[in-house]
Amino acid sequence: MTKLNYKGYAENLLIALNIFIVFLLLFGNDVVIPQWLQPVGRLHPLILHFPIVVLIMAVLLEFFRFQERFKHEKLYQNFTAYLWLTGALFAGITAVMGIFLSKEPGYEGSTLQLHKWFGVSVVFVSSIIVWGRNTTWYNVKIVRSAAAVSIIGLVAAGHFGADLTHGANFVLEPVWHPAANKVPVDKALVFRDVIQPVFESKCTSCHNPDKIKGGLMLIDEKSVLKGGKDGKLFDAGQPQISLLLRRIHMPEGEKEHMPPAGKPQLTEDEAKLLYLWIKENAGFQKKVIDLPLNDSLRQLSAGVLKPAEESGDQYDFAAVDEKVVKKLNNNYRSVYFMGKESPALGVNVYGRNNYGPKVLGELSDIQKQVISLYLDHMPVRDPELKNIAKFENLRNLNLNFTDITGSTLKDLAPLKHLKTLSLSGTRLNPEAVKQVGMLKSLNKIVLWNCGVQPAQLAELKRANKNIDLIEGFKDDGKPIKLNIPQLKKNNLVFANALSLQLSHPINGVEMRYTTDGSQPDSIKSLVYKPGIVFTQNNITLKVKAYKAGWISSDVVQFDFHKSTYTPDSISFVKFPSYQSSPQRAKSLIDKELGSSFIADGKWIGSQKDIAVYMQFARPTDLKSITISSNQNYLPSELEIWGGADNNHIKLLSTVKPKASLNRNSGATESIECKLPVAHPESCLKIIVKPKKGAPQPGKIIQSPFVFMDEIFFN
């Protein structure tokens, strides 16, 4: 009798659930779910698996119910009846929870509606089976039809539910994923064809019209600019304070880390693409080919796009092995594929003092594949053009601000595919103008600030009407802004003394500088002259260019660091929680500084103490130790320990850095720890402690965190 009462109560509850579901479907738009009831809705994903399993079992057993051997089996009939009742009851409860959940912000759209209607159809069909399975009209045909409808409803509801949770086509993606049509690099827009695909693959499963988590959609320019309930997604030109990058670079265990833990995470290249796009002002209509050839965003973009569709340009050479390309890359030369499926290569050369004939000679294995060669500001001389002519498939050659005079431009005549030649800033002689006509394949030449007279340029135009001549700036009487000063040597770390070498592409420019942190002006600040030498440990140099009739340049800052000694070994005593492989300890003494982007591979960070142990082969007289940290993530305290060996070390110095006044700049800050008495040390242990307390807004990774990228010993 008790069992019958329980069954009766359950059947009455099922009737009530069906009525309540109908009510919610009819008047749901006017129903407001109170906050205390919202946790019930959020149980929907946890409970839904139970009725699915029970109903599938009930469907399978129902198929055999009318067979002769089960027809009069009381246990079989009762067990099947209870399965249907249990499945229908929990399906109804799950449907109510789902409708409650759908009332929360972030759930809307056609996928939600399909999921809802297929879900409630399962409740209605299973309820009809519960109420009608003992009536006279209930027969084998109806059994099988109802079972089929139940299975279809379960599968469809599950499919659309998975799309809501994990993104479109989640269930079928492993076996059916239409290939995206790659856009050629010469026709691609940075946002549409490079950035948006990153959002689509890693973000839009939660930020689409059907599921607007956090009030954020990432489906087009308008929605990206709008942002979500936490505000705008990024600050153009300021990646270090952009919400998007802060969420991406949070530790994966953090609640606000995006994408959420368990979902596909962004690759290193994808994160760099977003960073570089925001850094370059996050344009939506900019073309990839409008970026400079050596621009990092352009080079990364080329890797995800098709090669440029150049008319008549069919590469008849094979691609070289990626290992060969990787081996040829170093600190002063970058070799890269022009496109993901292209055999063509580009080469950029940096560092005037590192340049020599061997830099190009080492590329003999890839001479056929190089189509773009960038030698801007290198000391290239006329005789070297014969070596450049060996790159037989070269299309683009940049010789801006080199030592070329143009006397031997005819040596480039063997380059049958050469399309663009840039000679800006070179001091060409009259002979150069005559030799341009020998380059039959050329269709564009850049001759800005080359000392070529107007009459010679006019002659060049008349004799070579097929060549597009780019002359550069024409004076319209309006003042223009000067470029920022440049370093001739890119080394920011020096051993004993720094001989400052600055340059500027505009002749007659006066460069003024400061080293006390103040902004340079045109009156009081020191004037740069060759021969200036610095010997102090840490130098913050701010430079600005001035010239009569021009607008002064922006201020450019260079941070130089003296590092007299280098430990012979280094290892972690306490491992950091970010970039924590044992090999990463060596990056702290490799003399390579990190950028303002803490995910560039140079920074080491942790939410706990970082302890580093170092040894010198010979006792070393140390007077100071400098830690290079990030202004957003300064340590609360530094401890320097030293001694003859690991068992006999003592505390030498403790430093508590002051909070940075330039918070959120993302710049590096040097923290110098002066040792009280200079005496020989063979072993050192440095302990870096993060700050404690509440997280501060506007940071890529929230506090408490400390980041460091280099240690200098003097």
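The values are calculated or read from the model by the stated rules, or taken from the named source; none is laboratory data. Remember, it's a predicted structure, so these values are computed and weren't measured experimentally. Methodologically, a virtual Cβ is constructed for each residue, glycine included, from the backbone with ideal geometry; neighbour enumeration extends over all protein chains shown. When the accessible area is computed, the model is the full protein with side chains, heavy atoms only, and any ligands, DNA or RNA have been set aside. Shrake-Rupley method; radii C 1.70, N 1.55, O 1.52, S 1.80 Å.
Being buried (at least 16 other Cβ atoms within 10 Å of the Cβ) and either in contact with a His (Cβ under 7 Å, 6 or more places away or on another chain) or closer than 16 Å to residue 469 by Cα (or both): is that true of residue 394 here?
Values: buried (at least 16 other Cβ atoms within 10 Å of the Cβ): yes; either in contact with a His (Cβ under 7 Å, 6 or more places away or on another chain) or closer than 16 Å to residue 469 by Cα (or both): yes.
So residue 394 passes the test.
For the stretch 66-88, state whether one or more residues are within 29 Å of residue 228 (Cβ to Cβ), acidic (Asp, Glu) and at pLDDT below 70. Quick ask: steps written out before the conclusion?
So the first thing to find is which residues in the stretch 66-88 are within 29 Å of residue 228 (Cβ to Cβ), and the list is none.
Checked the stretch 66-88: no residue is within 29 Å of residue 228 (Cβ to Cβ), acidic (Asp, Glu) and at pLDDT below 70.
When we screen 406, 437 for residues that are buried (at least 16 other Cβ atoms within 10 Å of the Cβ) and not aromatic (Phe, Trp, Tyr), the only hit is 406. Scan the stretch 341-349 and tell me whether some residue there is in contact with a Lys or Arg (Cβ under 8 Å, 6 or more places away or on another chain), open to solvent by 50 Å² or more (accessible area, probe 1.4 Å) and modelled with pLDDT under 85. For the stretch 341-349, residues in contact with a Lys or Arg (Cβ under 8 Å, 6 or more places away or on another chain), open to solvent by 50 Å² or more (accessible area, probe 1.4 Å) and modelled with pLDDT under 85: present. Taken over the stretch 524-543, residues that are open to solvent by 40 Å² or more (accessible area, probe 1.4 Å) and farther than 29 Å from residue 625 by Cβ amount to 6. The residues listed here are 559, 554, 568; of these, the one that is at pLDDT 90 or above, acidic (Asp, Glu) and surrounded by fewer than 19 Cβ atoms within 10 Å (Cβ to Cβ) is 568.
Where strands (runs of 3 or more DSSP E) sit wholly within the stretch 388-487, those with at least 3 residues that are at pLDDT 85 or above occupy 396-398, 420-422.
Quickly run through the stretch 268-287 and pick out the residues that are open to solvent by 70 Å² or more (accessible area, probe 1.4 Å) and not in a helix (DSSP H, G or I). Walk me through how you get there before you give the answer.
Pass one, the stretch 268-287, residues open to solvent by 70 Å² or more (accessible area, probe 1.4 Å): 268-269, 279, 281, 285-287.
Within the stretch 268-287, 281, 285, 286, 287 qualify.
Given the criteria touching a residue at least 24 places away in the same chain (Cβ under 8 Å), out of contact with any helix residue (DSSP H, G or I) (no Cβ under 8 Å at 6 or more places or on another chain) and among the hydrophobic types (A, V, I, L, M, F, W, C), does residue 258 qualify? In short, no. With respect to residue 153, determine if the residue is of a type outside the set (D, E, K, R), open to solvent by less than 40 Å² (accessible area, probe 1.4 Å) and either more than 33 Å from the chain's Cα centre (by Cα) or at pLDDT 60 or above (or both). In short, yes.
Is one or more of the residues making up the stretch 210-217 surrounded by 18 or more Cβ atoms within 10 Å (Cβ to Cβ), free of Cβ contacts under 8 Å to residues at least 40 places away in the same chain and in contact with a His (Cβ under 6 Å, 6 or more places away or on another chain)? Break it down into steps so the answer makes sense when it comes.
Kept after step one, since they are surrounded by 18 or more Cβ atoms within 10 Å (Cβ to Cβ), are these residues of the stretch 210-217: 210-213, 216-217.
Narrowing further to those that are free of Cβ contacts under 8 Å to residues at least 40 places away in the same chain: 216-217.
Filter again for in contact with a His (Cβ under 6 Å, 6 or more places away or on another chain), leaving 216-217.
Yes, the stretch 210-217 contains at least one residue that is surrounded by 18 or more Cβ atoms within 10 Å (Cβ to Cβ), free of Cβ contacts under 8 Å to residues at least 40 places away in the same chain and in contact with a His (Cβ under 6 Å, 6 or more places away or on another chain).
If the condition is being open to solvent by 10 Å² or more (accessible area, probe 1.4 Å) and either more than 13 Å from residue 391 (Cβ to Cβ) or in contact (Cβ under 8 Å) with a residue 40 or more places away in the chain (or both), then the stretch 409-423 contributes 410, 413, 417, 419, 420, 422.
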